[in-house]
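This report concerns only the one structure given below.
The values are calculated or read from the model by the stated rules, or taken from the named source; none is laboratory data. Just so we're clear, the structure is a prediction, and the values are computed from it rather than from any experiment. Every residue, glycine among them, receives a Cβ derived from its backbone with ideal geometry; neighbour counts consider all protein chains shown.
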Amino acid sequence: MKYVTGFLVAILLILNGSEASSAVRITNDRGGLIATYIVRYQRLASSGESVIIDGLCASACTMVLSALPHDKICVTSRATLGFHAAWNYGANGRAFTDPEATVMLYSTYPTPVRRWIARRGGLTPHTIFLSGRPLQEMYRSC
């Protein structure tokens, strides 16, 4: 019985260790519906996993910056974040820029990211990209 208990403890330690070191890698995420990303990132945040941004993370994908603690996010030299104004669908089915959603989205970003966006004219229908040294000065490298 003593060996079984020891074996179970060893398995639990291994599982806990692998959970703590597991990470989700973002390589080519062009975004999508904000609601989908809110749910995805709430689950990710409660799992304790880290995120490695290793390519494009655009549009709603960038909400990862506000959903996870700063120390749970790292960026590679290939990381690129793409920001633009939030949009919604009108009654006629056409997409339109949603000013209220844009303000809400902008307000959730960490201060250095908000400052970077503001220096580039804010969130507009046109995507702006954060990468390279400016991004690596905001987030640790991985």
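For the stretch 34-51, how many residues are surrounded by fewer than 18 Cβ atoms within 10 Å (Cβ to Cβ) and either without any contact (Cβ under 8 Å) to a residue 12 or more places away in the chain or over 27 Å from Asp98 (Cα atoms) (or both)?
8
Is it fair to say Ile117 is of a type outside the set (Ser, Thr, Tyr), in a strand (DSSP E or B) and modelled with pLDDT of 95 or more?
So Ile117 fails the test.
Please enumerate the residues belonging to the stretch 55-109 that are in contact with a Pro (Cβ under 9 Å, 6 or more places away or on another chain), among the aliphatic types (A, V, I, L, M) and more than 16 Å from Ile38 (Cα to Cα).
Ala85 - this is the single residue of the stretch 55-109 that is in contact with a Pro (Cβ under 9 Å, 6 or more places away or on another chain), among the aliphatic types (A, V, I, L, M) and more than 16 Å from Ile38 (Cα to Cα).
Filter the stretch 52-71 down to residues that are more than 10 Å from the chain's Cα centre (by Cα) and in a strand (DSSP E or B) and give me whichever is surrounded by the fewest Cβ atoms within 10 Å (Cβ to Cβ).
Gly55
So which residues in the stretch 72-90 are in contact (Cβ under 8 Å) with a residue 40 or more places away in the chain and either outside any loop (DSSP other than H, G, I, E, B) or under 16 Å from Ala23 (Cα atoms) (or both), if there are any at all?
Residues satisfying the conditions are Ile73, Cys74, Val75, Thr76, Ala79, Thr80, Leu81, Gly82, Phe83.
Quick check, is Pro134 of a type outside the set (A, V, I, L, M), closer than 16 Å to Tyr41 by Cβ and surrounded by fewer than 16 Cβ atoms within 10 Å (Cβ to Cβ)?
no
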